[in-house]
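*Asks:* Below is the structure I would like to discuss, written out as structure tokens.
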């Protein structure tokens with residue numbers, strides 16, 4: 001059963017919250033972070049992307065860069081840009097996008113739950129990315145950024161959250177530069193906290209929606225600290241890590257699309273002919289075509305969009321991985337025709353989150369950077385949960401969640 005632990009959050013004062021809060025470390029590169037931080041000395045980017053405080057081109061994995069993260073965190077504390085709550089609390093973090101709001105419960109998840117499989121994942125992690133975040137956690141001795149979890153919706157928890165947000169004004173309430181709203185409440189009533197913790201203890205599993213590398217890093221550092229502490233009791237803060245838990249029925253997964261640099265020696269006509277062996281191909285013209293159902297794809301090639309409908313018998317409805325559209329596309333087109341065997345390592349393919357729109361696919365092909373693009377219908381939360389429950393792993397770059405959690409609204413210190 002799932003553990004949710006209250007904690008003493010390290011948070012910005014109200015007047016600085018919107019300035020401290022930043023996009024997550026992994027959605028922008030060093031130069032983008034440098035530009036975004038211009039004119040804003042408060043942004044958490046100085047701690048989660050500390051290479052921006054060094055000359056352009058500095059290796060973000062240099063030891064001095066990690067040390068700068070710790071120095072900046074110490075400075076933020078001394079300047080009172082981050083202030084620690086004086087007792088263990090829970091928090092509510094809500095996000096508004098396109099008129100829809102989702103409400104998450106902020107608390108600490110358990111390292112044991114991750115190690116024992118109560119926290120379930122649907123993606124593989126890369127050891128180099130794990131190690132990068134582990135170094136960051138070690139040097140700051142904190143979970144600077146929350147991970148994004150889902151849990152099977154519980155009516156009683158929905159009611160508690162509704163009562164909190166309807167009876168209290170949020171302590172933070174702002175619209176970020178991308179147009180998404182961020183709203184944050186402090187849950188300081190002891191009885192309410194205890195009831196939320198009790199209800200969570202009845203949830204059989206939670207699910208990593210976004211932030212697999214941060215989750216793995218937090219758990220592995222916790223495990224590491226246990227091994228290095230001869231007086232370990234199990235109650236230490238390093239046994240827990242920062243997470244925002246959203247009910248599954250409030251979340252939407254958006255499409256995650258593919259672009260390919262070349263046609264593997266084929267002419268455009270030859271490519272279409274080969275695709276026609278497994279798909280019904282219908283050219284739709286120059287206007288963007290977006291897939292509107294499972295097993296239907298769109299392709300952009302030589303200035304024209306096409307609808308690709310998977311022919312019967314090309315997938316197995318009883319195979320939780322094989323039935324996914326990312327698997328169908330990968331096996332029947334990317335591998336079979338274009339020769340892309342490993343989505344994780346092949347440099348001929350790139351991935352574009354649906355938040356950028358299908359116009360981004362068109363632009364990358366029209367520019368000559370890419371030769372062909374494919375858009376997919378998004379997977380569902382039900383598919384994600386079924387795969388995680390079965391112990392299976394989704395293919396790379398399957399899910400894209402929006403809006404992303406802002407970092408810096410609350411931080412969890414490990415000691």
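The values are calculated or read from the model by the stated rules, or taken from the named source; none is laboratory data. Source: prediction; values computed, not measured. Here the Cβ positions follow ideal geometry from the backbone for every residue, glycine too, while neighbour counts run over all protein chains shown.
*Asks:* Which residue, of 192, 140, is in contact with a helix residue (DSSP H, G or I) (Cβ under 7 Å, 6 or more places away or on another chain), in the same structural domain as residue 62 (by TED's automatic domain parsing) and within 26 Å of residue 15 (Cα to Cα)?
*Replies:* When all the criteria are applied, what remains is 140.
Okay, residues lined up against (1) out of contact with any strand residue (DSSP E or B) (no Cβ under 7 Å at 6 or more places or on another chain); (2) more than 17 Å from residue 181 (Cα to Cα):
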position: 75; (1), (2): yes, yes
position: 92; (1), (2): no, no
position: 98; (1), (2): yes, no
position: 113; (1), (2): no, yes
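*Asks:* Let me ask something else. Hey, among 333, 275, 340, which residue is modelled with pLDDT of 95 or more, in contact with a helix residue (DSSP H, G or I) (Cβ under 7 Å, 6 or more places away or on another chain) and more than 24 Å from residue 122 (Cα to Cα)?
*Replies:* 275
*Asks:* Just to verify a result, which residue in the stretch 249-262, among those that are modelled with pLDDT of 95 or more and surrounded by 19 or more Cβ atoms within 10 Å (Cβ to Cβ), is farthest from the chain's Cα centre (by Cα)?
*Replies:* 260
*Asks:* Turning to a different aspect of this structure: Can you tell me which of (1) within 27 Å of residue 4 (Cβ to Cβ); (2) surrounded by 18 or more Cβ atoms within 10 Å (Cβ to Cβ) is the one residue 88 doesn't meet?
*Replies:* Of (1) within 27 Å of residue 4 (Cβ to Cβ); (2) surrounded by 18 or more Cβ atoms within 10 Å (Cβ to Cβ), only one is false for residue 88: (2).
*Asks:* While we're looking at this one, here's another question. Which numbered condition in (1) free of Cβ contacts under 8 Å to residues at least 24 places away in the same chain; (2) touching a helix residue (DSSP H, G or I) at 6+ places or on another chain (Cβ under 9 Å) is the only one that residue 32 fails?
*Replies:* Of the numbered conditions (1) free of Cβ contacts under 8 Å to residues at least 24 places away in the same chain; (2) touching a helix residue (DSSP H, G or I) at 6+ places or on another chain (Cβ under 9 Å), the odd one out for residue 32 is (2).
*Asks:* Could you count how many residues in the stretch 324-336 are surrounded by 18 or more Cβ atoms within 10 Å (Cβ to Cβ) and either in a loop (DSSP other than H, G, I, E, B) or outside the structural domain of residue 293 (by TED's automatic domain parsing) (or both)?
*Replies:* Selection size over the stretch 324-336: 1.
*Asks:* While we're on this one: Looking only at residues in the stretch 340-373 that are under 22 Å from the mean Cα position of the chain (by Cα) and part of a strand (DSSP E or B), which one is surrounded by the most Cβ atoms within 10 Å (Cβ to Cβ)?
*Replies:* Filtering the stretch 340-373 for residues that are under 22 Å from the mean Cα position of the chain (by Cα) and part of a strand (DSSP E or B), the one surrounded by the most Cβ atoms within 10 Å (Cβ to Cβ) comes out as 352.
*Asks:* A further question follows. For residue 270, are the conditions met, namely being surrounded by fewer than 17 Cβ atoms within 10 Å (Cβ to Cβ), modelled with pLDDT of 95 or more and out of contact with any helix residue (DSSP H, G or I) (no Cβ under 6 Å at 6 or more places or on another chain)?
*Replies:* Numbers: surrounded by fewer than 17 Cβ atoms within 10 Å (Cβ to Cβ): yes; modelled with pLDDT of 95 or more: yes; out of contact with any helix residue (DSSP H, G or I) (no Cβ under 6 Å at 6 or more places or on another chain): yes.
Yes, satisfied.
*Asks:* Also, I was wondering about something else. What are the residues in the stretch 198-212 that are outside any loop (DSSP other than H, G, I, E, B), more than 11 Å from residue 1 (Cα to Cα) and out of contact with any helix residue (DSSP H, G or I) (no Cβ under 6 Å at 6 or more places or on another chain), if any? Reasoning before the result, please.
*Replies:* Quick first cut of the stretch 198-212, residues outside any loop (DSSP other than H, G, I, E, B) only: 198-200, 206-210, 212.
Filter once more, keeping what is more than 11 Å from residue 1 (Cα to Cα): 207-210, 212.
Across the stretch 198-212, the qualifying residues are 209, 210, 212.
*Asks:* Going through the stretch 275-301 one residue at a time, which ones are surrounded by fewer than 18 Cβ atoms within 10 Å (Cβ to Cβ), over 16 Å from residue 327 (Cα atoms) and either in contact (Cβ under 8 Å) with a residue 40 or more places away in the chain or not assigned by TED's automatic domain parsing to the domain that holds residue 367 (or both)?
*Replies:* 288, 290, 292 - these are the residues of the stretch 275-301 that are surrounded by fewer than 18 Cβ atoms within 10 Å (Cβ to Cβ), over 16 Å from residue 327 (Cα atoms) and either in contact (Cβ under 8 Å) with a residue 40 or more places away in the chain or not assigned by TED's automatic domain parsing to the domain that holds residue 367 (or both).
*Asks:* Across the stretch 159-183, what is the total count of residues that are under 28 Å from residue 216 (Cα atoms) and surrounded by fewer than 17 Cβ atoms within 10 Å (Cβ to Cβ)?
*Replies:* Counting residues in the stretch 159-183 that are under 28 Å from residue 216 (Cα atoms) and surrounded by fewer than 17 Cβ atoms within 10 Å (Cβ to Cβ) gives 1.
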